[in-house]
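The block underneath contains the structure these notes are about, expressed in structure tokens.
The values are calculated or read from the model by the stated rules, or taken from the named source; none is laboratory data. The model shown is predicted, which means the values in this text are computed figures rather than measured ones. Cβ placement follows ideal geometry from the backbone for every residue including glycine, while neighbour counts extend to all protein chains displayed.
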Amino acid sequence: MKTLARWARAEWGELYVTVRGRLLGRRWRAFPLAAVAAVCLTAALHFVHNRSWGYGFVQDVGAVRAADPLWPALLRTPLSLFVPALDLPVWGALAQILFVFGLAEICLGRWRTLTLAYAATLAGTLYARVGIWLGPDSPLGLPASDAHVVDTGPSAAVVGLAVFLGWRYGARVTAGAVIVAMVVEVVVKENLAGREHVAAIAAMLALCGLSAARRRHTRNRQRADAGLPRPGP
């Protein structure tokens, strides 16, 4: 039991300390308003999407397919982030959004969270087009029929944010478990959503690398300004 507790502190301790510090320091200002708004918008779109009078509207403003012209699809991509799949339980999606978006907003800030979520969704959207262009004979390619499949909704953003948070705050095992789960999904199901999840993860890992390089450069510059030697590799 003590070993498990030590592992939990090592894995999630930095994330816990960050969340607790922000909540204690900023109090009500740290409340994840964007996460709550995202949950409300997702629930509203799901409700409208399931109505005969609203299905076409949601499809027109928030459904993105690789077969669509690029620029109209890009205009719909921000809203597509909040359109959950009709064949999956919406409450699971809402719980994931509230938990992951909420943690990210507390730790990273509102606009950075929304930017990362959009980047993850956009990565999946653009990958679908590249994959169909490559064709099914390529390891990264997709069948032409996937051009008419609606892109994954909030799940790509949730997966991407989970990986970024895990890397940024030392929960590497958790981030690795999410990555492995998404790879297994691709192997087992071999569907467009799984491929888009992996594309979102790849985009987040690239941003993680850029963030690490920027922080390392900032630390080295601060040490140089203070007349201290640069740390070893």
Selected residue (criterion: modelled with the lowest pLDDT) from residues of the stretch 158-183 that are closer than 26 Å to W91 by Cα and small (G, A, S)
A171
Just to verify a result, which residue in the stretch 117-157, among those that are out of contact with any Gly (no Cβ under 8 Å at 6 or more places or on another chain), assigned to a helix (DSSP H, G or I) and of a type in the set (A, V, I, L, M), is nearest to G92 (Cα to Cα)?
A157
Looking only at the stretch 112-144, which residues are within 19 Å of W167 (Cα to Cα) and either free of Cβ contacts under 8 Å to residues at least 12 places away in the same chain or out of contact with any helix residue (DSSP H, G or I) (no Cβ under 9 Å at 6 or more places or on another chain) (or both)?
R112, T115
With the checklist (1) surrounded by 14 or more Cβ atoms within 10 Å (Cβ to Cβ); (2) of a type outside the set (A, V, I, L, M, F, W, C); (3) more than 21 Å from W91 (Cα to Cα) in hand, flag the one item G194 doesn't pass.
(3)
Taking into account only those residues within the stretch 185-218 that are more than 22 Å from R172 (Cβ to Cβ) and among the basic types (K, R), which is modelled with the lowest pLDDT?
K189
Some residue of the stretch 100-107 being under 13 Å from the mean Cα position of the chain (by Cα), surrounded by fewer than 20 Cβ atoms within 10 Å (Cβ to Cβ) and under 21 Å from S80 (Cα atoms)
no
Any residue at all in the stretch 33-47 that's more than 22 Å from the chain's Cα centre (by Cα), at pLDDT 85 or above, closer than 25 Å to E196 by Cα and not charged (D, E, K, R)?
yes
Please go through the stretch 86-129 and give me each residue that is more than 17 Å from L205 (Cα to Cα) and of a type in the set (K, R), ordered by number.
R110, R129
Kindly establish whether G232 is farther than 26 Å from G62 by Cα, modelled with pLDDT under 90 and not in a helix (DSSP H, G or I).
yes
Looking only at residues that are among the aromatic types (F, W, Y) and closer than 24 Å to W7 by Cα in the stretch 128-185, which one is surrounded by the most Cβ atoms within 10 Å (Cβ to Cβ)?
F164
Restricting attention to the stretch 76-116, which residues are closer than 18 Å to V149 by Cα and either among the aliphatic types (A, V, I, L, M) or assigned to a helix (DSSP H, G or I) (or both)?
R76, T77, P78, L79, S80, L81, V83, A85, L86, L88
Please name all residue pairs, on different chains or six or more residues apart, with Cβ atoms under 6 Å, provided the first residue is in the stretch 209-233 and is within 19 Å of G166 (Cβ to Cβ) and the second residue is of a type in the set (S, T, Y) and modelled with pLDDT of 75 or more.
none
Identify all residues within the stretch 26-75 that are small (G, A, S), in a helix (DSSP H, G or I) and either in contact with a Cys (Cβ under 7 Å, 6 or more places away or on another chain) or more than 24 Å from R110 (Cβ to Cβ) (or both); write none if there are none.
G56, A73
May I ask you to say which residue of T152, T113 is within 17 Å of A34 (Cβ to Cβ), in contact with an Asp or Glu (Cβ under 8 Å, 6 or more places away or on another chain) and among the hydroxyl-bearing types (S, T, Y)?
T113
